[in-house]
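Laboratory data are not the source of any read-out in this text; all were calculated from the coordinates shown. The structure presented is a predicted model; accordingly, all values stated were derived computationally and were not measured. Using ideal geometry, Cβ is built from the backbone for each residue, glycine included, and neighbour counts are taken over all protein chains shown.
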Number of protein chains: 4
Amino acid sequence: MLELMQRSTFTDLIFLLHHDRVPSAGERRLLDAILIGVADHGSGAPSCAAARLAASGNRQSLSAAVAAGVLTIGDEHGGAGSGCMDLILEGLARVHQSHRAVADVAGELVAETRQRGSRVPGFGHRVHSEIDPRVAVLFDLAAREGLAGEGITFARALEQAISTQIKTIPLNIDGALAAILVDMGFPSAVGRLLFIIGRVAGISAEVLEEHTREKPMRIKVPVVYDGAPAKTGQE
Amino acid sequence: MLELMQRSTFTDLIFLLHHDRVPSAGERRLLDAILIGVADHGSGAPSCAAARLAASGNRQSLSAAVAAGVLTIGDEHGGAGSGCMDLILEGLARVHQSHRAVADVAGELVAETRQRGSRVPGFGHRVHSEIDPRVAVLFDLAAREGLAGEGITFARALEQAISTQIKTIPLNIDGALAAILVDMGFPSAVGRLLFIIGRVAGISAEVLEEHTREKPMRIKVPVVYDGAPAKTGQE
Amino acid sequence: MLELMQRSTFTDLIFLLHHDRVPSAGERRLLDAILIGVADHGSGAPSCAAARLAASGNRQSLSAAVAAGVLTIGDEHGGAGSGCMDLILEGLARVHQSHRAVADVAGELVAETRQRGSRVPGFGHRVHSEIDPRVAVLFDLAAREGLAGEGITFARALEQAISTQIKTIPLNIDGALAAILVDMGFPSAVGRLLFIIGRVAGISAEVLEEHTREKPMRIKVPVVYDGAPAKTGQE
Amino acid sequence: MLELMQRSTFTDLIFLLHHDRVPSAGERRLLDAILIGVADHGSGAPSCAAARLAASGNRQSLSAAVAAGVLTIGDEHGGAGSGCMDLILEGLARVHQSHRAVADVAGELVAETRQRGSRVPGFGHRVHSEIDPRVAVLFDLAAREGLAGEGITFARALEQAISTQIKTIPLNIDGALAAILVDMGFPSAVGRLLFIIGRVAGISAEVLEEHTREKPMRIKVPVVYDGAPAKTGQE
């Protein structure tokens, strides 16, 4: 570890702890870009909002507030990346096993996903109707570093199949980092964990701001209770 | 434990686990009322809102959502009860050590609290301007069960001292349960833990409703970010 | 809520918050027995050990320690009850849809579970080789209160099918409470939540003891790291 | 953010999110070394053990296991760094206010800490009896990068005062990073948060290993229950 402390970056260590080897310079550059890309998405994201609620009610423990933020991360929040990795890895396995064309397998997976009534994870965006500029940044980096592989190829084939079968729905940041993480040799569980590691940096900054700049218990949450009439009164 | 399962209530067990003896019938009645009183305060309370945010983003684990709710409980949210217990226990210690009058010691503690620029925990309420009806329920039960002791006496003396030194600010639910828990022989850390135990029942019901009736990621949290301009973009 | 505080027990409220009606006297008795039965299983259970580790390292927040304990509860720890509820509910659905005999459907489900290479949740026990005495207590209470229904019938049919297809593996406490919760009309998600609510009482008592009687950082955990040689040194 | 993704490291972003400016090359190097130094301390550390317990019982949520590990971080585990920062910052404030000599103020703070019956945070080590080699690595880096300032000077003065008043107890890794973080202009709350951010990388790797290589519920925790006889049976 002394040598790591002297010469390596935190990103090198994150790669090493989840991969059993140190990254190449290009892999380090891409992992840095990915961790930065997922770190912070504004105070309204569930991870940040829950952390601020805990920081607001429970000033006794910074770690409690960070943990509350982490706990909102799951299949629905932060899960599109690892979900898209599962899809790409399944697709590449079929390609290799049966020597079929990438486009055919991608079309098959999109059709199967639609039959289950699900959305294809890693595609589409609430804000960016055309294309998320972060996708271009990640793919340009991957190309420049010579790391664009069959993960990115398969992701693009999924995009094409969606466009053919449904309509044009571009790859988003989750789909882009999924393709790159596949090309760097990570399983999907690591995709989820890297999202958590990156997002903790953003959550931490939100907790710090809540502690140092805001009054306790300031946040009003307009959760609409649309169940049966409240049975036990209101505070 | 077999005997407990056959004859006791869950409230008996909670008392036993935190007191090293089973409760009397009156103590059981009061602890039931206290646990019910803190269980649920609407979806807007930080504990419930954070649990719903986690249930909304992370559908994979019911325990993660319950834990996120628990983590918002601390000095500022759910802490007034144990804070008021500390005050009452400190006051009673002074009364017994120095044989002074309850009213004098209560006045002294209120003055000290004001000098520190703090509010007296357990008094005042956002909604009920006059008196919280739950206070009357708890104190009536304590009187009827013959359990009103020096804890309640001291809490009333604090209320009187506040009225004299500041203005009329009635005891709230936290102050009432603090007085009763002191009279049942609990330390303040148990006050905090009993709040958590009671509130977990309410948090659990909110998590259940979010899972069974609501779509994922539906909650919009209007946390106003009033720091420096966002440095890393918006989701 | 004032009326609930005056007349009801905490167990009544727990039932009400998860069922939309108050329990009968018999249902209250059974739910009390179930919550007591799951509350505490010794300091070595993952829920209690993790809570003590957090109480030992992070003395600043009681709620952080309780939450750490809650987070260990999932499919593998505390999940056998809700897993068995899923099995019973699936079985009863097949019985009602196809008018088949309970014994046939139970045999079918046991065979399907074996084909998947899984154990049948709710059966077998590490300590009690013959029969867990808590099972008898719960089923006696259910019979005495007139609440034994098709849930218990189906659980017994599963036990018979296991005995025929594999060997004698008796119902355990998780299987017994699963059968009873089905007979009280709860879905399996509530089974998981009731386990959390009951266990929080036991976790809370462990946290209290760690805070009041033990030194910080006293717990040595012999987790054997059998991966690659440690890359970043030892503390 | 696009520019950050293209050119910056994750460590740059962590610095920026907690400091409101980008780091110099030397500051980046030091923060990398600090984050690596706190990331991983073996599976027996409370943060790693609690995370593995949650990963072992609750396989449904990676974020739940990471959060359980984070929750063990507090005053006693991971708190020595921020505790030492508080001491150094208090000392430097006294030096600047009263124009007294660093050695005098350091001696005064050590004496005050001893009077309270506390240990001086950031000094002494369980394993390294003489000097932790990581301390030398950090201080060498700080000197080489021209970043050694009054924080390091004050930490060395504390070490000297301890040696004079008690016995030789060398600075440990927590004390070294505390001195350097003070010299980089961070408040003590950020010290705690940076510990959490660094340690999350190590926790994540432990959770990954538990999920991919170990059976559920394998961990036996020898928590000795030395309280009253168990009241509710053993699992």
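Across A:Glu214, A:Glu27, A:Glu150, mean-square fluctuation computed from a Gaussian network of chain A (C-alpha pairs under 10 Å connected) peaks at A:Glu214. Across the identical copies, the label point of D:Val22 (7 Å from Cα in the Cβ direction) is separated from its matches by 2.5, 6.7, 7.0 nm, in order from shortest.
For B:Thr153, the point set 7 Å out from Cα toward Cβ sits 6.1, 6.2, 8.6 nm from its twins in the other copies, listed from shortest up. Dividing the C-alpha radius of gyration of the protein assembly as shown by 2.2 N^0.38 Å, with N its residue count, gives 0.97.
Compared with the dominant Cα axis of chain C, that is its longest principal axis, helix C:80-98 is turned about 20°.
The Cβ shell under 14 Å around D:Met184 holds other residues with a net charge of -4, Lys and Arg each +1, Asp and Glu each -1. Cut-off 10 angstrom, C-alpha nodes, Gaussian network model of chain C. Which of C:Gly124, C:Gly44, C:Gly191 fluctuates the most? Highest fluctuation of the listed residues: C:Gly44. Each residue, C:Gln160 and D:Leu2, gets one label point 7 Å from its Cα in the Cβ direction; the gap between the two is 7.1 nm.
Is the shape of chain D best called rounded, prolate or oblate, per the rule: a/c under 1.5 gives rounded, else a/b larger than b/c gives prolate, else oblate, with a ≥ b ≥ c the square roots of the Cα gyration tensor eigenvalues? Since a/c reaches 1.5 but b/c is at least a/b, the shape of chain D is classed as oblate.
According to the square roots a ≥ b ≥ c of the eigenvalues of the Cα gyration tensor, what is the shape class of the stretch D:1-49, taking rounded for a/c under 1.5, prolate for a/b larger than b/c otherwise, and oblate for the remainder? Prolate, since a/c reaches 1.5 and a/b exceeds b/c.
In chain A, the DSSP-assigned H stretches of four residues or longer account for a calculated mean residue ellipticity at 222 nm of -20500 deg cm²/dmol, using -39500 (n - 2.57) per stretch and the full residue count as denominator. Using Cα springs under 10 Å in a Gaussian network model of chain C, which residue among C:Ala80, C:Ala176, C:Ala101 shows the largest mean-square fluctuation? Of the options given, C:Ala101 has the highest mean-square fluctuation. Placing dummy labels 7 Å off each Cα toward the beta-carbon, the span from B:Asp140 to D:His96 is 6.0 nm.
For A:Glu3, the point set 7 Å out from Cα toward Cβ sits 3.7, 6.5, 7.5 nm from its twins in the other copies, listed from shortest up. Shape analysis of the stretch D:98-169 places it in the oblate category; the axes a ≥ b ≥ c from the Cα gyration tensor give an a/c of at least 1.5, with a/b not above b/c. By how many degrees, between 0 and 90 and to the nearest 10, does the Cα long axis of helix A:102-115 differ from the longest principal axis of chain A? The answer is roughly 40 degrees. If you build the convex hull over the alpha carbons only and average its shadow over all orientations, what do you get for the stretch A:50-185? Give it in nm² to one decimal. Computing the convex hull of the Cα atoms and averaging its projections yields 10.2 nm².
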